[in-house]
Every structure is written in C-alpha cells, then in structure tokens.
Protein chains: 2
Amino acid sequence: MSRSSPQAPDAQTDALPRQQRTYSIGELARMFEVTPRTIRFYEQEGLLAPSRQGQKRIYREKDRVRLKLTLRGKRLGFSLAEIREVVMMYDAMPDGNARQLKRLLEILADKRANLERQLEDIRLMRMEIDDVDQRAREVLRQLDQEA
Amino acid sequence: MSRSSPQAPDAQTDALPRQQRTYSIGELARMFEVTPRTIRFYEQEGLLAPSRQGQKRIYREKDRVRLKLTLRGKRLGFSLAEIREVVMMYDAMPDGNARQLKRLLEILADKRANLERQLEDIRLMRMEIDDVDQRAREVLRQLDQEA
DNA sequence: GACGAGGTTTACGTTAACGTAAAGTGCTTG
DNA sequence: CAAGCACTTTACGTTAACGTAAACCTCGTC
C-alpha cells in the first residue's frame, strides 16, 4: 500500500544493492512472519544489534541474515542461548584468541553431531509416518467398499 | 545392584520376550535418561497410560515405544500437544470413523512437510557450520605460524 | 523394628520465549 | 491541527515442560 505512488522519493527502493539496503523493524517482521516484539526480544538477548537513527532501529543486511539464521535455528529446536553462543563467537573470530577458536570448533562439532542425530530422527519418524499413513489409507478403502 | 544374586526369583529377566517384559518407572527413566517426573508428566498429558499394580505404575512394551517416539518428537522440536495429536489418533484408528481418518492423513501430511523443511534447514545449517569451521581453522593456522 | 531404596500424590517454583497493554514520540496527510 | 501510522519503552501476563520439595506407602534386609 505504501508502494502506491510512482517514483516515491523514499530513501529505499528495492533496486538498491542488498548490502546498502536498510530495513525497519516492521519490514523485517513481515519478511519473516514474526512480530516486532520477537525481533526486539532477540536484540535484548544479544542476537541482534541494529544501529539507531534517533530512536528508531535501523537494520542492515547483516542483521537480516542473523535473524534468518536465528529463526532457522529455532525451527530446528535450538534455544536462543545456543544460537547466541555460535553467533557471538563467530563475530569474535577475526581477533581470535586461540582458546576461543578451539572452543568454537568444539561447539561447532557439537552442533554438527546434533544435526546428524536429527537427520536420523527424521529418517525414522518419516518411516513411521509413512507406515501410519499406509494403514489409515487401507482402513479408509475398506470403509469405502463396505458402503 | 538389584541384579546381584544369581537366580533371582524376580518376575522379570532380560531373557523374557520383549512383548511380555514390564518396566518400572525408574527403569524406563534410566533407559532414556529422563527423570521419573518427566514420565509421570507425559502420562498426565495423555501420552502414556501404564497399568497399575496396586499403586505402582507398570509399563509394557507399548508404553516404552510410545515414550521413545515422544522423545524423538521432542528432539525434533515438536510440542507434546502435537505428538499427542498423532499418537492418540493412531490409537483411535482401528475403529476409524472416516472423517477422523481423513483428519489423521491431513495431520500426517503436515508433519511430513515439517520434516522436509527441517531437512532443508539442516542442509543449510550444515553448510554454514562447515564454513565457519573452515574459517576458524584458517585463523588458527595463521596464529600457529606467527608463533 | 528401624531403615534405605524405590515408588506414590500434591503442590508450588522456575525458565524460555515471547504476548499484550499502556503511554509516549515523530512524521505526513486530509 | 487532528488523526493515523509506525515506531519507541516499560512492565506485567502467559504457556509449556518440567524441577523440587514435602509427606506418605511398601517392600526386603540388617
């Protein structure tokens, strides 16, 4: 709806190279189908750190990516604390202290193991679902024939 | 420790065919590394329905399987409510009402879609982890060389 | 017969991850 | 300039999934 007038003199157009675009909290919220409250909460939990322009939060590409990663992590059942652990260490990497780096590698190995287990869980659950599905269809067919 | 005396006159031995074995709440808890409280909670939430012998809960093979499925679901980030939804409908299947069965098929399709998305999420997250891992190792190598 | 290892119920506490409501700021639009 | 958005902060509320504590039974055993 805000896109009604042609040649709007807005600062942002979709034509801008991604790296320079900025987003409002509402835009991000709609993009990812979460509420602004959720985004502010993630900031409070140290997962996002948007800059400000007066009072308003300004999100850049980097923030958008972080949010995306965070939500992906959530879908996989990770806690915000776990996600933060990786994200923050990733940021601390460049000036990396060796001990920190090794710790990061440990964490990553951990997450990877976790993912592998999830893959196996998915495989098994898929089989079970297929099985139940099969049975349900058969029962349905019988009901149809009786009728 | 309760396995100390040979030829214990217990009702249960590991030699029994699985289908006839029964388990105490403590046994199950240890098997799956959860607390008895968790198992009681799942019962209260309608996910388990052990029989009783006096006051004590007696778990059979079926209950064990259910617990296993429940915990697997949890690892994949499903809520107990979602898990119950499937488990209960599965039980209601035999005397299945056609509408219920169709509903079950819907739910199953839903879960399956969910799993597929998770697979994709895992794939992506794996790549990112590998990437971060790579970078971390490189930084470490540089640090080693400088020293 | 005291006691320790398991089990039981009841009930209140806790944590994570937001939801929701209230009250204020700042722009631009009829 | 009033009205309406989109944003802000503050703060209390809510839900899921258990944890924890107290107080009680019931065995086999020392």
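The values are calculated or read from the model by the stated rules, or taken from the named source; none is laboratory data. All figures in this text were calculated on a predicted structure; none of them were measured in a lab. Cβ atoms come from the backbone with ideal geometry, glycine included; neighbour counts cover every protein chain shown. In case anyone asks, the SASA skips ligands and DNA or RNA and just uses the protein heavy atoms, side chains included. Shrake-Rupley method; radii C 1.70, N 1.55, O 1.52, S 1.80 Å.
Some notes on this structure:
- Odd one out for residue B:86 among (1) without any contact (Cβ under 8 Å) to a residue 24 or more places away in the chain; (2) within 9 Å of chain A (Cβ to nearest Cβ); (3) closer than 30 Å to residue B:24 by Cα: (1)
- Scanning region B:92-127 for residues being open to solvent by less than 70 Å² (accessible area, probe 1.4 Å), at the interface with chain A (Cβ under 7 Å from one of its Cβ atoms) and not β-branched (Val, Ile, Thr) gives a total of 15.
- Given (1) within 16 Å of DNA strand D (Cβ to nearest atom); (2) polar (S, T, N, Q); (3) modelled with pLDDT of 95 or more, index of the condition residue B:51 fails: (1)
- Criterion (within 28 Å of residue B:29 (Cβ to Cβ), modelled with pLDDT of 95 or more and among the aliphatic types (A, V, I, L, M)) met by exactly one of B:80, B:119: B:80
- The lone exception for residue B:142 - which of (1) at the interface with chain A (Cβ under 10 Å from one of its Cβ atoms); (2) closer than 22 Å to residue A:128 by Cβ it fails: (2)
- Among (1) more than 27 Å from residue A:122 (Cβ to Cβ); (2) surrounded by 15 or more Cβ atoms within 10 Å (Cβ to Cβ), the one test that residue B:37 misses: (2)
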